[in-house]
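Q: Below: one structure in structure tokens.
The values are calculated or read from the model by the stated rules, or taken from the named source; none is laboratory data. Just so it is clear, the structure is predicted and the values come from calculations on it, not from any experiment. As a convention, Cβ positions derive from the backbone with ideal geometry for all residues, glycine included, and neighbour counts pool all protein chains shown.
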Amino acid sequence: MSANAVQHDNAASSTSSTSSEGGATTPPARPVPAPEQLEFRHAMAHLPAAVSIITTDGEGGRCGITASAVCSVTDTPPTILVCINRGSAMHDVFKKNGRLCVNVLSDELEQLAMHFSGATKVPMEERFSWDIWEAPGELGQPVLADALVKLQGHIREFKEVGTHSVMFVELAQVKVNEKKDSLIYFNRLFHKVKRTVL
């Protein structure tokens, strides 16, 4: 996930270095974050956010990632933004496909969030073989049957900001399940939020 959540599948694929002794490979050392980066990450971990699985399917391939960096932009036309790490192996898949679905997770889908973060090491194609998907909507994107909210749209703009790209998505289809409860990410843990009857 971005900023305030774990997103293993969204990490860059590192090129290993080759040892001069026996050809063994070791991963390159990661740069040590600056104090202000650590402070920012800690603050963002305390920003409660809905948990979503962002999926895409098309010419560039099919994939999905767990993310919390999803935000409303405007209702005219209905537009949201989604952030993705530029070093992610899936970044260019989203860019090439130009379409996606934001599956906002209901409270019972915590384990699925772990699968699509890459934490469980389940292969991507296996995840899409499970009986958890409904018939694709008008844009043909993978839609989770039990999602709390399902948002399909066209990626109208990619804007690069530091280590991430911000995808501006104009929505073509919006569905809400009024009977589901919510899953949020706060202080690096998942939490379930029950619906309040108004």
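Q: Quick one: ASP146 ticks every box in (1) among the acidic types (Asp, Glu); (2) in a strand (DSSP E or B); (3) within 25 Å of LEU189 (Cα to Cα) bar one, so which box is it?
A: (2)
Q: Output the number of the condition that SER182 fails; it satisfies all remaining conditions of (1) under 18 Å from ALA50 (Cβ atoms); (2) in contact with a Lys or Arg (Cβ under 8 Å, 6 or more places away or on another chain); (3) without any contact (Cβ under 8 Å) to a residue 60 or more places away in the chain; (4) polar (S, T, N, Q).
A: Only one criterion is unmet by SER182, namely (3).
Q: Taking PRO33 as the residue in question, decide whether it is modelled with pLDDT under 90, loosely packed, with under 12 Cβ neighbours inside 10 Å and not charged (D, E, K, R).
A: Numbers: modelled with pLDDT under 90: yes; loosely packed, with under 12 Cβ neighbours inside 10 Å: yes; not charged (D, E, K, R): yes.
In short, yes.
Q: Name the helices (runs of 4 or more DSSP H) wholly within region 49-141 that hold at least 3 residues that are under 21 Å from PHE186 (Cα atoms) and under 14 Å from the mean Cα position of the chain (by Cα)?
A: In region 49-141, 110-117 are the helices (runs of 4 or more DSSP H) which contain 3 or more residues that are under 21 Å from PHE186 (Cα atoms) and under 14 Å from the mean Cα position of the chain (by Cα).
Q: Does GLN173 satisfy being of a type outside the set (D, E, K, R), within 16 Å of the chain's Cα centre (by Cα) and more than 18 Å from ALA69 (Cβ to Cβ)?
A: On the way: of a type outside the set (D, E, K, R): yes; within 16 Å of the chain's Cα centre (by Cα): no; more than 18 Å from ALA69 (Cβ to Cβ): yes.
Here the answer is no, as GLN173 does not meet what is asked.
Q: Separate question: Does region 93-114 contain any residue that is modelled with pLDDT of 95 or more, surrounded by fewer than 17 Cβ atoms within 10 Å (Cβ to Cβ), out of contact with any His (no Cβ under 7 Å at 6 or more places or on another chain) and hydroxyl-bearing (Ser, Thr, Tyr)?
A: no
Q: When region 151-193 is examined, which residues are found to be in a strand (DSSP E or B) and among the β-branched types (Val, Ile, Thr)?
A: Correct list: ILE155, VAL161, VAL166, VAL169, VAL174, VAL176, ILE184, VAL193.
Q: Just to check your reading of the model, which residue among LYS175, LYS150, LYS179, LYS159 is among the basic types (Lys, Arg), out of contact with any Gly (no Cβ under 9 Å at 6 or more places or on another chain) and modelled with pLDDT of 95 or more?
A: Unique residue meeting the criteria: LYS159.
Q: Under 7 Å by Cβ, and 6 or more places apart or on different chains, what pairs join a residue from region 115-133 that is hydroxyl-bearing (Ser, Thr, Tyr) with one that is at pLDDT 95 or above?
A: Correct list of pairs: SER117/THR66; THR120/MET114.
Q: Inspect region 63-85 for any residue being crowded, with 17+ Cβ neighbours inside 10 Å and among the charged types (D, E, K, R) and give the result as yes or no.
A: No - not one qualifying residue is present in region 63-85.
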